[in-house]
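Notes to accompany the following structure.
The values are calculated or read from the model by the stated rules, or taken from the named source; none is laboratory data. From a predicted model like this one, the values you see are computed outputs, not experimental measurements. Glycine gets a Cβ as well: all are built from the backbone with ideal geometry, and neighbour counts include every protein chain shown.
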Amino acid sequence: MDIIRRDTDYAFRFAARLAGAYGEDRLLSARVLAKDNGVSYALSCKILQKLANADIVTSTMGSKGGFRLSKEPEEIEFKQIVEAVQGPISVNKCLMGDYQCSLKGSCPAHPKMAGLQSQINGYLKKLTLQEFVSGD
């Protein structure tokens, strides 16, 4: 099982490509992003729509239209991209919202799983798109 799904990986690549164009204030079309990243056009449109719904990118319609980041790359957390495309990452079912485990309160694995979940969430929140692009 992958923690980061394929669609989310594509979203990271699209966001990185858009971050490269951010300073130039250029729009990139879904077709360009799809071609440059080896992703089908239809899937690219779905991913970009999810990123737009999460206010990570904005779109402009028309023949000169396309996509751009809605804010500076250093203001975009990887956690936002993950959650926009696939929802929150959960290490196991017991850490997902309303799940009622019969071992709640007595499970020896829960504290370690909760700690791992906290580390993953912290890392994804701390890592920005700018750091990803610059390799820092």
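Structural remarks
Residue-wise test of (1) in contact with a strand residue (DSSP E or B) (Cβ under 9 Å, 6 or more places away or on another chain); (2) on the phi < 0 side of the Ramachandran plot; (3) at pLDDT 95 or above; (4) surrounded by 13 or more Cβ atoms within 10 Å (Cβ to Cβ).
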residue	(1), (2), (3), (4)
Tyr22	yes, yes, no, yes
Leu48	yes, yes, yes, yes
Phe67	yes, yes, yes, yes
Ile76	yes, yes, yes, yes
Gln80	no, yes, yes, yes
Asn92	no, yes, no, yes
Tyr99	no, yes, no, no
Lys112	no, yes, no, no
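- Criterion violated by Ser44 - all others in (1) among the small types (Gly, Ala, Ser); (2) more than 15 Å from Arg13 (Cβ to Cβ); (3) in contact with a Leu (Cβ under 9 Å, 6 or more places away or on another chain) satisfied: (2)
- Filtering the stretch 10-62 to residues that are closer than 14 Å to Ala84 by Cα, among the basic types (Lys, Arg) and more than 11 Å from the chain's Cα centre (by Cα) leaves only Lys46.
- Residue in the stretch 42-58 that is touching a residue at least 60 places away in the same chain (Cβ under 8 Å) and basic (Lys, Arg) present: no
- The residues of the stretch 18-50 that are touching a Phe, Trp or Tyr at 6+ places or on another chain (Cβ under 7 Å), closer than 19 Å to Val133 by Cβ and assigned to a helix (DSSP H, G or I), listed by number, are Leu18, Leu33, Asn37, Ile47, Leu48.
- Against the test of being assigned to a helix (DSSP H, G or I), in contact with a Gly (Cβ under 9 Å, 6 or more places away or on another chain) and aliphatic (A, V, I, L, M), the options Val82, Val133 yield a single qualifying residue, Val133.
- Whichever residue in the stretch 1-17 is among the aliphatic types (A, V, I, L, M) and not in a loop (DSSP other than H, G, I, E, B) and, among such residues, is surrounded by the fewest Cβ atoms within 10 Å (Cβ to Cβ): Ala16
- Selection of the stretch 115-136 for residues being exposed (fewer than 14 other Cβ atoms within 10 Å of the Cβ) and either touching a Pro at 6+ places or on another chain (Cβ under 8 Å) or of a type in the set (Gly, Ala, Ser) (or both) yields Gly115, Ser118, Gly122, Ser134, Gly135.
- Where Ile4 falls short, out of the listed (1) at pLDDT 95 or above; (2) closer than 17 Å to Gln86 by Cβ; (3) among the aliphatic types (A, V, I, L, M): (1)
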